[in-house]
Amino acid sequence: MTNLKTYLRHQSLQKKWMLTSSSVIFISYTIICIVVYVFLHTWLLHEEESKVIRTSKDISSFLEAQGPNITIQQIQQNTGLLESIVDRDETVRMFNRDGVEILRINNTSPAAPFNTMQEIVEMTIDKQDALVVNEPIQLGFFQGYIQVIHPLTSFQSLMHYLLTAMLIAGLGALVVSGSIGYYLANYLMKPLHTLRASMKTVMDQGFKEPIQLTYTSHDEIGDLLKMYNAMMNELQIAFTQQQQFVADASHELRTPIQAIEGHLSLLKRWGKHDPAILEESIETSLTEIARMRKMIEELLELARREEKDEASEADAPTVIEAVIEEMVHLHPEARITLSKNGEVGPLFITENALSQVVRNIIENAIRYCEKIPEIKLSLFTTGNHACLEIVDNGIGITEDNLPFIFDRFYRVDEARNRQIGGTGLGLSISKMLLEKYNASVEVKSEVNVGTVFLLKIPLKY
Ligand code: ADP
């Protein structure tokens, strides 16, 4: 049993399928055959027994009907009628009380020993199986036995024929069930083989080749392949994004490091004794370090990707007012106002995420503005969403730059941005946070007029 289990464990699914289906079919067939064979054997043997008992009864009735005064000589002379009662392969003998044979019809078997206890016995006479009936008889003064011997040759050859036919049909069934099992397993395993090949390609070559699976049936395997395809596509996107992210991050972090390195070498060579150079280099290095710290913090924020908290709830006016207060404190020149249009219920987003998004947009509005920053926020409800519109009077964004401002490390004006201290990550973090809570952001802008951000955040209830 353990050997069979070990053998099966090392076989392919296709072989296991084929072996199991053919074994099940074969075992069921064998059980049916055994039941049919036993039933037929019992029934036919019973028929044979009835037949031989009937013959013996017919003979004794015939003889008894001749009257009590019939003599043995008369019976011996008149066997013609008795022969018509007896089958050609049956032998009938009549014995007197001393066991002397006084009459015989046919002679297909030698005499069988007597067994008076049983009416009918099955015994082997001269290497031949036969049914033997010994029936006591009394005709006038004559007392004796009638013995009917019924050979089982035709019964046995019929059973033998049946057994052979069943065995041949059984072997045929084994071959047919094996072939059907093989072709069925082959047909059903085909998509799994394709799936395995595709997985192997991904394992060997990564996501270089696009994943293509052609199985389109709407069954369990079809569903599995669809799920695999969707999963692999997501993985492929995540993998490409990850690669892009690492490439961008290392490129972006290299710039401040190079700037600091340059200034420190300058100082080492001849700037140590020049207070002006010393002051400028330290100042620039500190700015670059601050930029790098901000970038690292933002990169970590992007990489963290916490799970969505289903219990999140934020009271929009309280959160927005707190951010405005903080911004006004940092940039006293900025004029920031909030107008509320009707009651706005709690939003389905964490307070932290909402304040971070609003802070990023207001900071940009102040940063990318050449006049006195004027930022107008308005909060209202549409359907089951709350809308927050943030309008600024900044430099605006050109139409061709607009689709990319949410991309990581994207900056409209690289040189200007470096001066201002932007990292190109603020809006991508905001978009990621909003998407986590099924919220959306739209942007419209006009150069030298200003930019409008429209946030749509689902209401909690
Ligand atoms: P950064 O840290 O550089 O500000 P963001 O992802 O926040 O990065 O913004 C991406 C770019 O979009 C900025 O570099 C800037 O050029 C542009 N931008 C964002 N907000 C505004 C705005 N209110 N007015 C003008 N340009 C903006």
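All of the numbers you see were taken from the coordinates with simple rules; none came from a lab. Since the structure is predicted, the reported quantities are computational estimates derived from the model, not experimental observations. Heads up, the Cβs are rebuilt from the backbone with ideal geometry, glycines too, and the neighbour counts pull from every protein chain shown.
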Spin-label pair Ser61/Val202, simplified geometry with 7 Å Cα→Cβ offset, distance in nm:
8.6 nm
Taking only C-alpha positions in the stretch 316-458, Rg and Dmax in angstrom work out to 14.4, 44
Normalised contact order of the stretch 2-159, rounded percent, pairs of Cα under 8 Å and 6 or more residues apart:
22 percent
Under 5 Å from the placed amide H of Ile137, counting only residues 5+ away or on other chains, we find Gly144, Tyr145, Ile146
Cα-based shape type of the stretch 183-323, given that a ≥ b ≥ c are square roots of the gyration tensor eigenvalues and the cut on a/c is 1.5:
oblate
Neighbour-count ranking for Val148, Val319, Val391, Val447 (other C-beta within 10 angstrom, fewest to most) reads Val447, Val391, Val319, Val148
Violations at 24 Å Cα threshold for listed pairs Lys431/Lys460; Lys16/Lys208; Lys340/Lys371; Lys294/Lys431; Lys226/Lys456 -> Lys16/Lys208; Lys340/Lys371; Lys226/Lys456
What is the magnitude of the charge dipole of the stretch 375-455 about its Cα centre, with +1 placed on the Cβ of each Lys and Arg, -1 on the Cβ of each Asp and Glu, and no other charges, expressed in debye to the nearest 20?
280 debye
For a quick check: with amide H placed at 1.01 Å from N, whose amide H comes under 5 Å from Lys460's, ignoring anything fewer than 5 positions away on the same chain?
Leu347, Phe348
Run the Debye formula on the Cα coordinates of the chain, all scatterers equal and no solvent, and tell me log10 I(q)/I(0) at q = 0.05, 0.09 1/Å.
-0.52, -0.86
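Add +1 for every Lys or Arg and -1 for every Asp or Glu among the other residues with Cβ under 13 Å from the Cβ of Ala316, and state the total. Before the final figure, lay out the partial values.
Working: positive: Lys340, Lys456, Lys460; negative: Glu313, Asp315, Glu321, Glu343, Glu351, Glu389.
Taking every other residue near Ala316 into account, the sum is -3.
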The lysines whose Cα lies under 24 Å from the Cα of Lys268, excluding any fewer than 8 residues away in the same chain, are none
Sites matching trypsin sites (Lys or Arg not before Pro) across the stretch 77-109 that sit in DSSP coil, with at most 15 neighbouring C-beta atoms within 10 Å:
Arg88, Arg97
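Let me check I've understood the local charge: for Thr381, count other residues with C-beta under 14 angstrom from its C-beta, Lys and Arg +1, Asp and Glu -1. What total comes out? Walk me through the intermediate numbers first.
Working: positive: Lys340, Lys456, Lys460; negative: Asp315, Glu343, Glu389.
For residues surrounding Thr381, the net value is 0.
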Of the chain, which part is the longest with no GluC sites (Glu not before Pro) in a loop (DSSP not H, G, I, E, B) and with at most 16 other C-beta atoms within 10 angstrom?
120-305
Along the positive direction of the dipole of the chain (beta-carbon charges: Lys, Arg +1; Asp, Glu -1; about the Cα centre), which of Val319, Ile296, Leu81 reaches farthest?
Leu81
So, with +1 on the Cβ of K and R and -1 on the Cβ of D and E, and no other charges, what is the size of the charge dipole of the stretch 161-307 about its Cα centre, to the nearest 20 debye?
620 debye
Under unit Cβ charges (Lys, Arg +1; Asp, Glu -1), what dipole magnitude, rounded to 20 debye, does the chain have relative to its Cα centre?
1000 debye
Of all DSSP beta bridges with both partners in the stretch 316-458, the antiparallel percent, nearest 5, is 80 percent
